[in-house]
Amino acid sequence: MTKYVIKKNTASRNAVIDYEKELNPEQLAVVRGADGPCLVLAGAGSGKTRTIVYRVAHLIERGASPDRILLLTFTNKAAKEMLSRVEALLGHYPKGLWGGTFHSVANRILRKYAARAGFKSNFTILDEEDAKGIIKICVKDLNIDTKMRRFPSPAVLKNIISYSGNSLEKISHTVGTKHPNHLELINDIEAVAVLYQKKKSQANAMDFDDLLLNLSKLLREDSAFCEKLSQGFQYILVDEYQDTNVIQARIVTSLAKHHKNILVVGDDAQSIYSFRAANLRNILDFPKIYPGAKTFRLETNYRSTPEILDLANTIIEKNIDQFPKELRSIKKQFVKPSLVPAASGRQEAEYIAQMILELRDEGINLNDIAVLFRASHHSQELEVELVKRDIPYEYRGGVKFFERAHIKDVLSYLRIYKNLLDEAAWQRALSMQTGIGPVAASKIYAAARGLNEPAEVAALKAGEILEKRAQSGWRNFLSIWQDVIKSDDLPASLIRAVNASEYQKYLESQYPNWRDRAEDLEQLAVFAEQYKDLSLFLNEISLYDDFGVLRQEQTEYDDENIILSTIHQAKGLEWPVVFVMHLTDQGFPNKRALIERGGLEEERRLFYVAATRAADQLYLTYPLTSGYDNLIFNQASVFLQEIPENLLERVELENEQSISHAVDDGEPTIVWDE
């Protein structure tokens, strides 16, 4: 999107705004005509923030009192940007203007009317760590035996409770869809949720979800309060309405009940957060909720070239459940997006890395280049290739692949298998077991130092030197270890053995996104298939970690990094050059999404978001094969198959001459003939 520089008028506190000059006709129509219930469908890069800012300024210039205007956003950053731009436009700060996130506005209201909600005005707001701490106490107070079977961690329990509240679904439904292996624990989980709520109330405390839930409940149950608040807000503007959940939509509807001057801005084509309980129906059903509502469309795009927008429009037109719109570019024609099939994941990584270097030589800054992917493990081989070529990168939305906790967890078992004296690996592997702390782990390690072979670990009588609580954890470790020693010595086999063992139950009990982590581990195994020697594999991973730390130290003050990011994390951002990688039928759309209602259309929206991050150049890549020992032949993603050939420039890569799929035994290179 074009960046607008607004100079603050310091000479006058009453700036006069030339709306016709500053806005395009689509934006101007919203700014001047959005009284009553209005839906603004703002396409990617169409200047929605600019439109909202000018609408607020226009309302104030027209005589609306700032303290009767409510502007709701999803991030503090967005709120601060909008408020500062309103101030710059008007030449003075509009004192009293209500602007902020849903949570900050809810907090402000509840502080004033806490007694009505059953709280004191000095209530505490619990952050995530506070909330998990109380949940941990709840589990203890309920005398739940977490040793008999792995019980969900406080993080998982908090996620279940949060999603249930924000989606208005029962705890049992959330557990059944997100953590089905915990269904037999449903009574205990529900008891924790009830006690958690009770403890918060007793402590005069709310977590972030409670701010919205309590405000929504108060508005729904106290009609006099709802009417008073609704009368006070003459104009309500909501940004990113497609990302609201059912509770947020209820709050907005209640607050707009009296004046009905509600302006919601969003893009149904960019609704990609259902996993956070965002409800697409909020924006799609807005005209039904407000019969006669005006609908505006912002379709003039200031970001991308016509070629990229032709592609984006084609992508999203396949969705049925949507408001049709067509983005139009103000830029001159440039180049078509490139479609790049690669023989393998490694060749795909080599191609992207090589293109990044060539683009840099052409004068494009590294920080103007982004590589996007559907799932975090898709970046694995690229990260290795970037390190090899000394290309600095910043990973957005998470930790670099080989630095992730679950990757290091599984590698700790491999390290013990290779070197029984590896104390750090023993400590990590044992720390995951119930009842085993550093002291107990040290006792086990001391006993294991006299062993010679991995198989001897299974016969280690560590239970005799452990307290009763730690013995259960040791038995669980042994159940995993038995699976490890039954496999062969190949790195990939060992990784899969751990991933298929009791360790997966540990993942589910510890992490809300356990399925993604299990998939990461399978992709680690696929990567490991190219190694026939465990020592070589572990050495190279270790060197990668060391090099990564060194590179981080060297580039701590260097802005020249390419961006690696999941598509979800990239929403709202833009770069001149964007690569979207691993676009295979197995990788994108996500297989789990296909079994969910509306899942395919949300995945297509995600692809649309990826494409519209690019301003000038867009590269779409995918590997034709996956794996090493057991090759899997991939097809292009169904989303690529839906694109007419004339919208893409197909790039044919040279045969894969330099890629050995068997690192240590001299097996022949796989050659892809075009």
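The values are calculated or read from the model by the stated rules, or taken from the named source; none is laboratory data. Just so you know, these numbers come straight off a predicted model, no measurement behind them. Note that each Cβ is placed from the backbone with ideal geometry, even for glycine, and that neighbours are counted across all protein chains shown. Side chains are part of the model used for accessible areas, which takes the heavy atoms of the whole protein and leaves out ligands, DNA and RNA. Shrake-Rupley method; radii C 1.70, N 1.55, O 1.52, S 1.80 Å.
Annotations
- Charge dipole (debye, nearest 20) of the stretch 145-233; +1 at Cβ of Lys and Arg, -1 at Cβ of Asp and Glu: 260
- Relative contact order (%) - the chain, alpha-carbon pairs under 8 angstrom, separation at least six: 17
- Beta bridges assigned by DSSP with both partners in the chain are antiparallel in approximately 5 percent of cases.
- Computing FRET efficiency as 1/(1 + (r/R0)^6) for Ala224 and Arg389, where r is the C-beta to C-beta distance and R0 is 56 Å, gives about 0.25.
- Vicinal HN-Hα couplings computed from phi for the stretch 352-362 (Karplus, 6.51 cos²θ - 1.76 cosθ + 1.60; Hz; Gly/Pro x): 4, 4, 5, 5, 4, 5, 5, 5, 5, 5, 7
- Three-way shape call for the stretch 323-383 based on the alpha-carbon gyration tensor, with the a/c threshold at 1.5: oblate
- The modelled label-to-label distance between Glu20 and Gln635, using points 7 Å beyond Cα along the C-beta direction, is 5.6 nm.
- Candidate aspartates and glutamates - alpha carbon under 13 Å from Lys198, same-chain residues fewer than 8 apart omitted: Asp141, Glu190, Asp207, Asp210
- The angle between the Cα long axis of helix 208-221 and the longest principal axis of the Cα atoms of the chain comes to about 40 degrees, rounded to the nearest 10.
- Summarising the amide proton neighbourhood of Ala205: residues at separation of 5 or more, or on other chains, whose placed amide H is nearer than 5 Å comprise Thr124.
- Extension gain, Gln482 to Glu423: 0.36 nm times the residue separation minus the Cα-Cα distance gives 19.3 nm.
- Solvent-accessible surface of the stretch 186-262, averaged per residue with a 1.4 angstrom probe and all protein chains in place: 39 square angstrom.
- Taking the 1.4 Å solvent-accessible surface of the stretch 563-636 as the whole, the part contributed by carbon and sulfur is 49%.
- Difference of contour (0.36 nm per residue) and Cα-Cα distance, Asn204 to Lys461: 87.5 nm
- Radius 11 Å from Cβ of Thr612, net charge of other residues (Lys, Arg +1; Asp, Glu -1): +2
- Correct choice for volume of the Cα convex hull per residue in Å³ that was computed from the model, options [x] 343; [y] 174; [z] 196: [y]
- Distance violations [Cα-Cα > 32 Å] among Lys48/Lys178; Lys95/Lys294; Lys80/Lys170; Lys95/Lys331; Lys48/Lys199: Lys48/Lys178; Lys80/Lys170; Lys95/Lys331; Lys48/Lys199
- Protection proxy ranking for 207-216, 351-360, using the average of other Cβ atoms within 10 Å per residue and placing the highest first: 207-216, 351-360.
- By average C-beta atoms within 10 angstrom, highest first, the peptides 41-51, 22-32: 41-51, 22-32
- Listed values for the stretch 156-173 are Karplus-derived 3J(HN,Hα) couplings in whole Hz (6.51 cos²θ - 1.76 cosθ + 1.60, θ = phi - 60°), namely 5, 4, 5, 5, 5, 5, 5, 4, 4, x, 6, 9, 6, 9, 5, 4, 4, 5, and x replaces Gly and Pro.
- Within the accessible surface of the stretch 96-145, defined with a 1.4 Å probe on protein heavy atoms only, the carbon and sulfur portion equals 49 percent.
- Most to least packed among 98-104, 122-128 [average Cβ atoms within 10 Å]: 98-104, 122-128
- Separation of the stretch 27-61 from the stretch 105-180 is 37 Å, based on Cα centroids.
- Amide H contacts of Thr300: Arg328, each under 5 Å away and 5 or more positions distant or on a separate chain (H built 1.01 Å from N in the peptide plane; Pro and chain starts excluded).
- Potential lengthening between Asn76 and Ile137 on full extension [0.36 nm per residue; Cα-Cα distance subtracted]: 18.8 nm
- Here the sum of -39500 (n - 2.57) over DSSP H runs of 4 or more residues, divided by the residues of the chain, equals -14000 deg cm²/dmol at 222 nm, to the nearest 500.
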